[in-house]
1. Looking only at the stretch 122-149, filter to residues that are open to solvent by less than 40 Å² (accessible area, probe 1.4 Å) and assigned to a helix (DSSP H, G or I); which one of those is farthest from Val276 (Cα to Cα)?
2. Do any residues in the stretch 214-231 that are open to solvent by less than 20 Å² (accessible area, probe 1.4 Å) have Cβ atoms under 6 Å from those of residues that are assigned to a strand (DSSP E or B), where the two are at least six apart or on different chains, and which pairs are they?
3. Can you report the number of residues in the stretch 233-256 which are within 19 Å of Ala192 (Cα to Cα) and surrounded by fewer than 19 Cβ atoms within 10 Å (Cβ to Cβ)?
4. Go through the residues of the stretch 179-193 one by one and say whether even a single one is touching a strand residue (DSSP E or B) at 6+ places or on another chain (Cβ under 9 Å), open to solvent by 70 Å² or more (accessible area, probe 1.4 Å) and more than 30 Å from Asn289 (Cβ to Cβ).
5. Just wondering, is there one or more residues in the stretch 227-246 that are in a strand (DSSP E or B) and under 18 Å from Glu174 (Cβ atoms)?
6. Restricting attention to the stretch 87-98, report how many residues are surrounded by fewer than 11 Cβ atoms within 10 Å (Cβ to Cβ) and assigned to a helix (DSSP H, G or I).
7. Which one of the conditions (1) open to solvent by 70 Å² or more (accessible area, probe 1.4 Å); (2) assigned to a loop (DSSP other than H, G, I, E, B); (3) touching a residue at least 12 places away in the same chain (Cβ under 8 Å) does Asp259 fail to meet, given that it meets all the rest?
8. Considering only residues of the stretch 196-224 that are among the hydroxyl-bearing types (Ser, Thr, Tyr) and assigned to a loop (DSSP other than H, G, I, E, B), which is farthest from the chain's Cα centre (by Cα)?
Amino acid sequence: MIEAQAKRPGQADPGASTAPLASPAMGRGRRLLRRLMSEPLTHFAILGAALFLCGRLYEAQTNVYRIEVTPAHVAQLSRKYALQFGRPPDPATLRSLIGEDIHDEILFRQGRLLKLDQDDEIVRRRVVQKEQFLLQNLAAPPEPTDAQLASYYTAHAARYAAAPRATFSHIYFEVGPGGDQAAQARARAVLAKLEPGVTRAPELGDPFPDLYDFSAFEPEQVARLFGHTPFSDAVYAAPIGRWSGPYRSAYGWHLIYVDARETARQAPLADVRDRVRADLLQDAQDRANAAAFDKVARRFTVVRADGKAGR
């Protein structure tokens, strides 16, 4: 039989909890903390502190005076050197490249701090060029089929017409102190005494600074030498097989003998196939580039000086 043990005076009850009782000071502290946490000012202070810390962290990452030379950037400098010189840089050259890059980056960042990149037409033009480079040629157009080439060739037939050509000789008369009338008169006098069988006679005129005889020249070639003048037109309009003139050029007056002339003709597709393919692909690429720009342009609103919107 188990008998209950008598509790001695001052002895703790074995079944009672042994945890210490909270002091009145601790209770007041908890109540004060709960009250502080319920105050809007406390929430504002905590939020401000969090934003301050985030700002400091962001500043540490984006500080304009902090230049971080990463392994990836060093590798990029090394690749650019290898592409230019055909071999990777040695350690001394690489150190020099890194030093030059840091030098340029310091000047670039300091210039931006001073807003030297603003209101500068050269900088603006360079940014425009780089953005155009990023937008253009994002995807190459597909290789055209034979049917597409034929259709494009037909739609742009004038582009592939062979230009007329002329083979001719001339006699030159310089405009001297007597002016145009005197030069014209000398040319007419020579024309009157030229015999029918004569096809070239440069010695009857004045020295010319270029050639006297031209073979299978196209209008663009003639205009490049003599200018867009009556003489250039006469090369493709004057009678064939006899002397005519005088005609004015950028140099002076000329008599002309056209020996032969080919009229403009349509070049067969087989002869200009490579040109047609290149033109078709370029037109397709131009349309794709324009579409890429339009996609970007739709994000912008342009307001004219008169207050109306639109580009």
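1. The selected residue is Leu135.
2. That search, which allows pairs on different chains as well, returns Phe214/Phe168; Phe231/Tyr247; Phe231/His254.
3. Of the residues in that region, 5 qualify.
4. yes
5. yes
6. Total meeting the criteria: 2.
7. For Asp259, the exception is condition (2).
8. Ranking the qualifying residues of the stretch 196-224, first place goes to Thr199.
The values are calculated or read from the model by the stated rules, or taken from the named source; none is laboratory data. Because the structure is a prediction, the values reported are computed rather than measured. Every residue, glycine among them, receives a Cβ derived from its backbone with ideal geometry; neighbour counts consider all protein chains shown. Surface accessibility is based on the protein's heavy atoms, side chains included, excluding ligands, DNA and RNA. Shrake-Rupley method; radii C 1.70, N 1.55, O 1.52, S 1.80 Å.
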